[in-house]
Amino acid sequence: MPCFGCTGWLSKPPLLQQQPAAEAPQVRGANIIAVTTTSPSFQMPLEWHPATALRLRRMAEECLGQSATITGYSTPSTADVGGASLRLRVSDPKPPMAGQGSLALAVRRVETEPWLPAIGGVPGHHKDRNGDARHGLMEIMVIARPTVRGKVTFLPKAADCRLRSETSATGVKAVDEQVEVTALSRLGDFHIDDGSGPWLRDRILITASEAEDLAMTAEAKAADGGIEQLLSGTGLRPDRRVEPPPSDEWDLARAGTLHRDVGSSKPSEFSAVACADVPPPPDPYESSRRQRRRMLEKLASSVLTIQEHVGRVFRVLLDMDLVLTRQMKSRPNQVKHRSEATQRLKAPEQ
């Protein structure tokens, strides 16, 4: 089903799109996208009460929105931990988006729609793998998907939403689409070491927990309502059909698909055709694997040597024990013979 990360929801509502004069305007409800229900995974147990999301929306209504451009969807690191995100670029960011840090945010497609709560990370001056600073860039997770327990979690990324520009059924490209985003509060620093694996997962969950604490500072009356109220007017609607959460790297491994760093056991048709004449890239971890393998072999050899020496010592101790046992058994006989000899020597004197 289409979702926040896919082209259907990100397309502007039909009434707000420029249309030829000869065409009649479409019905706004025709652009509403169903969001299926899910159960958060063990790896990414992010789940809010709807009241938390509604409180953050109330806070967003008092903040100034900024225009942002969609540059893509989930990064590989986010997908590895079972998350789904939206990547944005703000041309002229205002504090706290102008710096770096973990933020509580809200996002919407157009000014006339209600806000949807989100959490995100702003790298700011922290450089990427090419050595370039990332001012104005951010990656956010929108919290608006129903769960089986009546709560909300992050919206997923549809299977057809790739990190490339695609055209939706309405003819509008999702990537390079404009949305409005606002920062509610800066929750902490951006930690460059929390960029992947369990560290990234923990950082996401910590930021979500801090955003929950922030929501408690909003007015209590803003918490009235449920998931239907949260999604009303946003272009999304709750769907009771239950679908699994996004797969993480452990799910892919159990299915036989290796991590991208060690290659894929199930290459796509595109990669098989487009990269047929391209040699596979060198494995950056091969040298470390060889070094670990040699260390393990040396360790195994040392263990065998130690076992052999321990066996020798044990055999020596066993031999000594047998000798001592024989000596202890023969000692009473020696005492008896010595006593009889003494008596024979004393007999002539008597």
In the range 98-133, how many are out of contact with any helix residue (DSSP H, G or I) (no Cβ under 6 Å at 6 or more places or on another chain) and assigned to a loop (DSSP other than H, G, I, E, B)? 14
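Quick check: anything in the range 141-158 at pLDDT 85 or above and under 15 Å from Q178 (Cα atoms)? Before you say what the answer is, go through the steps one by one.
Initially, the range 141-158 is screened for residues at pLDDT 85 or above, giving 141-156.
From what is left, the residues that are under 15 Å from Q178 (Cα atoms) are none.
Checked the range 141-158: no residue is at pLDDT 85 or above and under 15 Å from Q178 (Cα atoms).
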For the range 107-130, what are the residues that are under 29 Å from G235 (Cβ atoms) and within 21 Å of the chain's Cα centre (by Cα)? P117, A118, I119, G120, G121, V122, P123
Just one listed residue, out of A118, A51, A98, A79, is assigned by TED's automatic domain parsing to the domain that holds A218 and surrounded by 24 or more Cβ atoms within 10 Å (Cβ to Cβ), and it is A118
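The values are calculated or read from the model by the stated rules, or taken from the named source; none is laboratory data. Here the structure is a predicted model, which means the values were calculated and not measured. Backbone-built Cβ (ideal geometry, glycine too); neighbour counts: all protein chains shown.
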